[in-house]
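S.K.: The structure is given below, and queries will be raised subsequently.
The values are calculated or read from the model by the stated rules, or taken from the named source; none is laboratory data. Just so we're clear, the structure is a prediction, and the values are computed from it rather than from any experiment. When we count neighbours, we look across all protein chains shown, and the Cβ atoms used for this are built from the backbone with ideal geometry, even at glycine. Remember, those area values only see protein heavy atoms, side chains included, never the ligands or the DNA or RNA. Shrake-Rupley method; radii C 1.70, N 1.55, O 1.52, S 1.80 Å.
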4 protein chains.
Amino acid sequence: MKLGLIGLGKMGYNLAENILEHGHSVVAFDVNPEPAQALAAQGAVPASSIEELVRKLDAPRIVWVMVPAGQIVDSVIDSLTTLLQPGDIVIEGGNSHYKESIARSAKLQESGIHLLDVGTSGGTEGAREGGCFMIGGSRTVFDQLEPLFKDISVDKGYLYAGEAGSGHFLKMVHNGIEYGMMQSIAEGFEVLSKSHYNFNYEEVARVWANGSVIRSWLMDLTERAFSKDPKLDSIQGVMQSSGEGRWTVETALDLQASAPVIAMSLFMRYRSLDSDTFHGKVVAALRNEFGGHAVVANK
Amino acid sequence: MKLGLIGLGKMGYNLAENILEHGHSVVAFDVNPEPAQALAAQGAVPASSIEELVRKLDAPRIVWVMVPAGQIVDSVIDSLTTLLQPGDIVIEGGNSHYKESIARSAKLQESGIHLLDVGTSGGTEGAREGGCFMIGGSRTVFDQLEPLFKDISVDKGYLYAGEAGSGHFLKMVHNGIEYGMMQSIAEGFEVLSKSHYNFNYEEVARVWANGSVIRSWLMDLTERAFSKDPKLDSIQGVMQSSGEGRWTVETALDLQASAPVIAMSLFMRYRSLDSDTFHGKVVAALRNEFGGHAVVANK
Amino acid sequence: MKLGLIGLGKMGYNLAENILEHGHSVVAFDVNPEPAQALAAQGAVPASSIEELVRKLDAPRIVWVMVPAGQIVDSVIDSLTTLLQPGDIVIEGGNSHYKESIARSAKLQESGIHLLDVGTSGGTEGAREGGCFMIGGSRTVFDQLEPLFKDISVDKGYLYAGEAGSGHFLKMVHNGIEYGMMQSIAEGFEVLSKSHYNFNYEEVARVWANGSVIRSWLMDLTERAFSKDPKLDSIQGVMQSSGEGRWTVETALDLQASAPVIAMSLFMRYRSLDSDTFHGKVVAALRNEFGGHAVVANK
Amino acid sequence: MKLGLIGLGKMGYNLAENILEHGHSVVAFDVNPEPAQALAAQGAVPASSIEELVRKLDAPRIVWVMVPAGQIVDSVIDSLTTLLQPGDIVIEGGNSHYKESIARSAKLQESGIHLLDVGTSGGTEGAREGGCFMIGGSRTVFDQLEPLFKDISVDKGYLYAGEAGSGHFLKMVHNGIEYGMMQSIAEGFEVLSKSHYNFNYEEVARVWANGSVIRSWLMDLTERAFSKDPKLDSIQGVMQSSGEGRWTVETALDLQASAPVIAMSLFMRYRSLDSDTFHGKVVAALRNEFGGHAVVANK
């Protein structure tokens, strides 16, 4: 199969190598010309613009857009809308909100262009070695591209999820689950760290990663992290988030679905961004007011 | 009525003044002799030991024990057990666990001594001006002492709760509710503090304290706290806890009762005691492992 | 002061009586003509349309809009936009989202019309007897109307909160706190209901409402509810919600503010809407898979 | 190696087969004689009493106790205390509380008997095919038995965790993490089930189990569960719990460690045991009191 690939960052570059390795042809473009050049050495055709990329493809064209999310995706898709023709296919593989994907699909459909919204998981390793793809859009279009998805996934690691937006919906919920799993593991180690035992965290993660009920890739990665820094002394417990956990909670609110654990995982991330909190001050001040309990003065 | 009062700290001293003001006689003792001397000026009879205190009472003796909780209570009650006689009454007004109160009641009963377990709320102001008393133990004994409780409470502010331990059980749950209410108010101000509006917190607390659905003594105290320090700049958000919230959560676990909000209020207090967390480090390290997301280095 | 009042439902009708009682003039309109007729008996001037209502006011006109929220508010304000003149004032007292209020204020400003967004608390009793009003918009306009707000509030029960939207922002957060407080109280009674004691809930609510740290209007109402139905046997524990708690959680997400207790209060409400849950089935099925633990069959 | 095995239930029986298959000798006893007979056909030596089992072992004797937890463990260990001799070893592989293991270890030590407390994970499949073992107690004793643990574990699936109790401590925290992970996965499917998409849950679990960040044994089991019952229509969402999640939360309370997600997972389990809740009734009644909001009548 021959396809264009726009966006050669951490995910896109690895994906390009993965696709090439499976014998497909790739026309590659990124605003930064270097990764396309590097891929050329592996057989990719570099393009210096989206126009050139489209020109180098044959109808029906397949263009995989692998740029982060939000306005950048819109800008690339706007360009493609003017360059592509009816029957062409856009694969949108970023971390887009599913409602955006529904809207983009409808808009492209007006020009006769198909959109597949593809949620991608497995990290950069997955993009390179075989990842996990959740795919929404037209089943006919999916059927056409299935051999490609099969090649670049781990075994059984791709799914036609349903109509437009369903791929990104699944990815969003996947990330919500990920937040909850990570917080669960982390709370376990929090309890260990405050116990009177002197656990070796790397060894604990290893035994839990092998044969236990909680064995998981995240536990493998926990082991790996502790192997590099046994007590994580070098880093702070600041937990950033990139938006999908929040979308999951917002969607749960929309659907009146109870998702307390995913929500709490997110709030603990927010809490970690503040070195002190206003709510803590209010509670401390109240305890002082009614019970004369001592407060901790600010320095 | 004439009674002994052991423990003249913040709560006990105010309670003694309250009792005296209502025309009752008080024999007062504390390990620190000063408060008993001060109360003598208001008509109390000071005692320099528990033995002396008991000696100065007439059978059936009434002894109110107003010492914190735990071992000190046990030690005082052990002394009383050897000094009191069948038919005498001990009022235990500290923050004791209800299971301890059940055990102490049973043990005193072996010597024919009655125990009323009394949960006290309203802070030091309540102890002085009229508080809230939740009373467990024998109803007959309660009936005998009701005039006293009526005098020292605000109107309708005392309750015979039921058999032994029920007074402290109610006080424990009261504190659990208090944790939840305080955290609720505090989260509201947390949201205000991060908004783009420039709210005057004292004024906000005042309007919420007057006529709103959430008007409450805690909101009055919130207003008072902000009147002293408009943004609470002088204090840290460190939320200590004295044990009753934790007992409520443990009791909820015992009873398989869902109490997520009270539990979460407690966990946020614990969280506030740590300037950084190990669970945060684990999550940050995991994000770095699978997605290459940046971590915040420790200084 | 003379003002128009649009919307004579539970809140609007009581408010009209409150305003009239304080000597102000009210031109009253509702799509249902009956309440305006009833108010006429108390001195109000009934109007049979928004046009008539506006016609019966003198410039600068003051029109209080007291209709629920959302599209109805928009529809009424759209009508007013065409009927009012520069310098006139609209008071919007519904449960509107603060972002809507910001947008409406800006739009009305284009026609020279002022908007005050007014969050109202205290329930129907408050609307009648003296409520709590949080007011956003121009301070000059507020100063002009302050005598009115003063008359219809309980003492200190009104606040100029700040620029456009701040009134409804405060009301939203107020409701978030309300959710948390209600859930806190409710969890306390949940624990009581599962204990081995045989508490009289009405009496417990009464003692907690008098002199305790958690005394509050909500505790007064808890006592009142139990006085009508001692164990609430007649109702189901289905907890509806009208949107403001959800907005508070969404706003906390927007602002990266940790509000775990308010969020959890909301999720417990959602949980209560389902007689059984899919997440529960998944957990039960998983326990069966790995441990052979029995599941409860569906009937 | 030759060892006695007491308790041939789901876990013990599978463990016995696992041990036998690796060439060790097993003297097997259960109060129910059938499993020991069945194991005899595979080379085990059946015993009809604990006395006989001990008699058939050579000093230093090794006895693996694989009975549930609590009083049954105590009763078996009490019997062994009178039958074993100094230098003998007891392996306690049930789901015991780590504090009990510390106490039992100390008590056995008085008789010169060693105790290893062994947390076991991996379910019945793990017990049979190779499980995960977390081992506390004397390192010297562990070193002596390491070949056995190596044989019956999956690769890297055993760990010497530290002094007495550390094995069961790790197992307890493992289960706490398990609760959180299960609830996280379950909430994800809850959100899916309320969306407008018509997901095939088995396929979703499969794609998430292959190549994604959240791939895990629990996700494999989720796929398996849906393969048997596509929408879990046959079961109710009643989530039982066996105690270790609760112990984890209690330990977090002891250690003042914040574990909100594990706690919330547990409370959602408790919530699922009730078809209706008292806290829901209280909230519904309060909404009715202050806002006139309709309640749902009980049938």
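S.K.: Looking only at the range C:122-180, count every residue that is more than 29 Å from C:ASP254 (Cα to Cα), among the β-branched types (Val, Ile, Thr) and in contact (Cβ under 8 Å) with a residue 24 or more places away in the chain and tell me the total.
M.R.: Qualifying residue count, the range C:122-180: 4.
S.K.: Here's a follow-up. Of these, A:ASP220, A:ASP229, which one is out of contact with any helix residue (DSSP H, G or I) (no Cβ under 6 Å at 6 or more places or on another chain) and either closer than 26 Å to C:ALA263 by Cβ or within 11 Å of chain B (Cβ to nearest Cβ) (or both)? Explain how you work it out, then say what you get.
M.R.: Values: A:ASP220 fails: out of contact with any helix residue (DSSP H, G or I) (no Cβ under 6 Å at 6 or more places or on another chain).
Of the residues listed, the single one that is out of contact with any helix residue (DSSP H, G or I) (no Cβ under 6 Å at 6 or more places or on another chain) and either closer than 26 Å to C:ALA263 by Cβ or within 11 Å of chain B (Cβ to nearest Cβ) (or both) is A:ASP229.
S.K.: Here's another thing I want to ask about it. Can you pull out the residues in the range C:144-162 that are more than 7 Å from chain B (Cβ to nearest Cβ) and among the acidic types (Asp, Glu)?
M.R.: Hits for the range C:144-162 are C:GLU146, C:ASP151.
S.K.: In the range D:1-33, which residue that is within 11 Å of D:VAL65 (Cα to Cα), over 19 Å from the mean Cα position of the chain (by Cα) and not aromatic (Phe, Trp, Tyr) is most open to solvent (accessible area, probe 1.4 Å)?
M.R.: D:ASP30
S.K.: I would also like to ask the following. For the range D:116-139, how many residues meet the condition of being acidic (Asp, Glu) and buried (at least 19 other Cβ atoms within 10 Å of the Cβ)?
M.R.: Adding up the residues that qualify gives 1.
S.K.: Looking at A:GLU187, A:GLU223, A:GLU202, A:GLU178, can you tell me which residue is charged (D, E, K, R) and in contact with a Lys or Arg (Cβ under 6 Å, 6 or more places away or on another chain)?
M.R.: A:GLU223
S.K.: Related question: Could you tell me which numbered condition B:GLU289 fails, if it satisfies all but one of (1) buried (at least 18 other Cβ atoms within 10 Å of the Cβ); (2) modelled with pLDDT of 95 or more?
M.R.: Checking B:GLU289 against (1) buried (at least 18 other Cβ atoms within 10 Å of the Cβ); (2) modelled with pLDDT of 95 or more, the one that fails is (2).
S.K.: If you don't mind, another one. Looking only at the range C:266-299, count every residue that is in a helix (DSSP H, G or I) and over 28 Å from B:ILE262 (Cα atoms) and tell me the total.
M.R.: So the answer is 6.
S.K.: If A:SER258 meets every condition in (1) modelled with pLDDT of 95 or more; (2) on the phi < 0 side of the Ramachandran plot; (3) crowded, with 21+ Cβ neighbours inside 10 Å apart from one, which number is that one?
M.R.: (1) is the only condition that A:SER258 fails.
S.K.: Let me ask something else. For the range B:188-204, indicate whether the set of residues that are more than 7 Å from every other protein chain (Cβ to nearest Cβ), of a type in the set (D, E, K, R) and in contact (Cβ under 8 Å) with a residue 24 or more places away in the chain is non-empty.
M.R.: Yes; the residues of the range B:188-204 include at least one that is more than 7 Å from every other protein chain (Cβ to nearest Cβ), of a type in the set (D, E, K, R) and in contact (Cβ under 8 Å) with a residue 24 or more places away in the chain.
S.K.: State all residues of the range B:48-68 that are touching a helix residue (DSSP H, G or I) at 6+ places or on another chain (Cβ under 8 Å) and surrounded by 16 or more Cβ atoms within 10 Å (Cβ to Cβ); if no residue qualifies, say none.
M.R.: Result: B:ILE50, B:VAL54, B:ARG61, B:ILE62, B:VAL63, B:TRP64, B:VAL65, B:MET66, B:VAL67.
S.K.: Among the residues of the range C:79-100, write down those that are among the hydroxyl-bearing types (Ser, Thr, Tyr) and over 20 Å from C:ILE50 (Cα atoms).
M.R.: Across the range C:79-100, the qualifying residues are C:SER96, C:TYR98.
S.K.: On to the next question. Could you please find all residues in the range D:172-199 being over 29 Å from the mean Cα position of the chain (by Cα) and closer than 20 Å to C:ASP276 by Cα?
M.R.: D:LEU192, D:SER193, D:LYS194, D:SER195, D:HIS196, D:ASN198, D:PHE199
S.K.: Which ranges mark the helices (runs of 4 or more DSSP H) fully within the range C:2-120 that have 2 or more residues being at pLDDT 95 or above and under 17 Å from C:GLY167 (Cα atoms)?
M.R.: Per the criteria, C:98-110.
S.K.: Moving to a separate point now. Got at least one residue in the range B:238-249 being within 7 Å of chain A (Cβ to nearest Cβ) and in contact with a strand residue (DSSP E or B) (Cβ under 7 Å, 6 or more places away or on another chain)?
M.R.: Applying the first criterion (within 7 Å of chain A (Cβ to nearest Cβ)) to the range B:238-249 yields B:238-240.
Adding the requirement that they be in contact with a strand residue (DSSP E or B) (Cβ under 7 Å, 6 or more places away or on another chain) leaves none.
No, the range B:238-249 has no match at all.
S.K.: Out of A:GLY176, A:GLY136, A:GLY157, report the one residue that is under 25 Å from D:VAL191 (Cα atoms) and in contact with a Cys (Cβ under 8 Å, 6 or more places away or on another chain).
M.R.: Values: A:GLY176 fails: in contact with a Cys (Cβ under 8 Å, 6 or more places away or on another chain); A:GLY136 fails: in contact with a Cys (Cβ under 8 Å, 6 or more places away or on another chain).
None of the others qualify; the one that does is A:GLY157.
S.K.: If you go through the range B:272-291 one residue at a time, do you hit one that is touching a strand residue (DSSP E or B) at 6+ places or on another chain (Cβ under 6 Å), under 30 Å from A:MET11 (Cβ atoms) and facing chain A (nearest Cβ under 8 Å)? Spell out the reasoning first.
M.R.: Pass one, the range B:272-291, residues touching a strand residue (DSSP E or B) at 6+ places or on another chain (Cβ under 6 Å): B:281, B:284.
Narrowing further to those that are under 30 Å from A:MET11 (Cβ atoms): B:281, B:284.
Subsequent filtering for residues that are facing chain A (nearest Cβ under 8 Å) retains B:281, B:284.
Yes: one or more hits.
S.K.: Are any of the residues in the range B:171-185 in contact with a His (Cβ under 9 Å, 6 or more places away or on another chain), within 7 Å of chain C (Cβ to nearest Cβ) and under 22 Å from C:TYR158 (Cα atoms)?
M.R.: Looking for residues that are in contact with a His (Cβ under 9 Å, 6 or more places away or on another chain), within 7 Å of chain C (Cβ to nearest Cβ) and under 22 Å from C:TYR158 (Cα atoms), one finds at least one in the range B:171-185, hence yes.
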